[in-house]
Amino acid sequence: MQLTLLITKLLICSALLSCQSNGHKEQSAYPTDPNNVSLQLPEGFHAFIVTDQLGRGRHITINTNGDMYVSLRQKKNDKGAVALRDTNGDGRADVIEYFSDINGTSIRIFNGYLYQSDDMSVFRTKLSSDHLVPQDNPEVIATGFINQNQHSAKTFCISDEGNLFVNVGAPSNACMESSRTKGSPGMDPCPQLERQAGIWKFKADILNQNQSNDAVHYAKGIRNAVALCWNEKEQELYAVQHGRDQLSQFFPELFDDEANAQLPAEEFFLVEEGSNCGWPYCYYDQLQDKKVLAPEYGGDGNKIERCNDMEMPIMAFPGHLAPNDLLFYTGNQFPERYKDGAFIAFHGSWNRAPLEQEGFFVVFVPMRNGLPSGTWEIFANGFAGEKPINSPRDANHRPCGLAQAPDGSLLVVDSQQGSVYRIFYQEK
């Protein structure tokens, strides 16, 4: 009996030491794929397809029971979202149900409701433990936005306290008097800043709120923050902005094609109430490590002037990678260095032409005390394929949405063919 107790204690101690040395607590039981569905991942990480051919997938959210909900930019089977369920524990979806008349980008679960948005409103629908898809009609939470053609998706996130933060993109490239026209100056002041190019705060549990009357203008000067996330640990709002386009096309005397491909930076912001991130007057030049005056407002690529007072990014990425989702990792499956760090899905853009397009990967940013604690690194690559990518249409897959599963694995949604990838960590 004493020998049995001794062996049991030794086994427990060994397991505890193993967890401490490995820096993580949970091991996945998924079978590994030596090809990792053609993704390049750090050592110890593996990937497989949860399902594919869903449609033009955008963002994804996961319920506590593991059910997954994916928003669609364009309807498929006359529906704007799709629900996925894994009934046998292999990590793949064996139940797929299309639902909802709402199609768009953002989708979240909060307090038992599924929140969705289209280009004009944010809705919620009650979830039921008896059904995979919602059975009730959607309720309008936030509306009254201006109808616009550019950057129209109303991406959003929800804080622990129930604040609903909605991104309203700029309806233009740089607030020019004649949109996207060479030689046209920027409007000063830019009227689009009044109700667009910023973030508005609503309450997640109040119906029929209107942007004009019921929302707080939380932050401005943000061209388009498709990647928007509430950091639960820091209790702060973060965003990654799509930077402006066409510097060399409109100002060839100041910028060549190489500069146009790199500038301006895609900016990672810690967004506080009252933040002014500078659009359209300023942009961040990561090569000079400073925010400079836009050429539409008299800038020459070096002048700072009014940009000295604008919010600086906490990190900057090369231009035109198109950040489309942001997630702070809170799980225990990945090694310890990933804990509380940020994952960002870069969708790939078109504005690096005539050079090859870049992006189409997921990056990792180590974080400490709410700020980057090291350089960013490519975490998952290979979505686009090996051929030259001269246009986003050339990419096989384009990562767009991110979510953390209850077991700590990372899900990535592709917007090109509607694939959902599961990335997990498992030692040899």
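For this structure, a couple of remarks:
- Residues of region 284-314 classified as closer than 28 Å to F364 by Cα and assigned to a strand (DSSP E or B), total: 5
- Residues considered: L237, L270. Of these, the only one that is under 30 Å from A405 (Cβ atoms), in contact (Cβ under 8 Å) with a residue 12 or more places away in the chain, crowded, with 24+ Cβ neighbours inside 10 Å and aliphatic (A, V, I, L, M) is L237.
- Here is the figure for region 122-150: residues that are of a type outside the set (A, V, I, L, M), surrounded by fewer than 21 Cβ atoms within 10 Å (Cβ to Cβ) and within 23 Å of S172 (Cα to Cα) total 6.
- Enumeration of residues in region 110-128 that are assigned to a loop (DSSP other than H, G, I, E, B) and either touching a residue at least 12 places away in the same chain (Cβ under 8 Å) or hydrophobic (A, V, I, L, M, F, W, C) (or both): N111, G112, D118, D119, M120, S121, L127
- Restricting attention to region 34-85, the residues that are closer than 23 Å to L114 by Cβ and either of a type in the set (K, R) or part of a strand (DSSP E or B) (or both) add up to 25.
- Residues within region 364-378 that are out of contact with any helix residue (DSSP H, G or I) (no Cβ under 9 Å at 6 or more places or on another chain) and crowded, with 20+ Cβ neighbours inside 10 Å, tallied: 2
- When region 413-428 is filtered for residues that are in contact with a Gly (Cβ under 7 Å, 6 or more places away or on another chain) and among the charged types (D, E, K, R), the ones remaining, listed by number, are D414, R422, E427.
- Single residue of region 170-181 satisfying the filter (crowded, with 16+ Cβ neighbours inside 10 Å and out of contact with any Lys or Arg (no Cβ under 7 Å at 6 or more places or on another chain)) that is farthest from Y238 (Cα to Cα): M176
- Evaluated against (1) in a loop (DSSP other than H, G, I, E, B); (2) in contact with a strand residue (DSSP E or B) (Cβ under 8 Å, 6 or more places away or on another chain), I423 falls short on exactly one condition, (1).
- Selection of first residues in region 315-336 that are in a helix (DSSP H, G or I) and of second residues that are surrounded by fewer than 20 Cβ atoms within 10 Å (Cβ to Cβ) and of a type in the set (G, A, S), restricted to Cβ pairs under 8 Å at least 6 apart or on distinct chains, gives the following pairs, ordered by first then second residue: E336/G23.
- Region 386-398 - residue that is touching a residue at least 24 places away in the same chain (Cβ under 8 Å) and farther than 12 Å from F361 by Cβ and, of those, surrounded by the fewest Cβ atoms within 10 Å (Cβ to Cβ): P388
Only the coordinates and a few stated rules stand behind these numbers; no lab work does. Small disclaimer: the values here were computed from a predicted structure and weren't measured. Note that we place each Cβ from the backbone using ideal geometry, even for glycine, and neighbour counts take in every protein chain shown.
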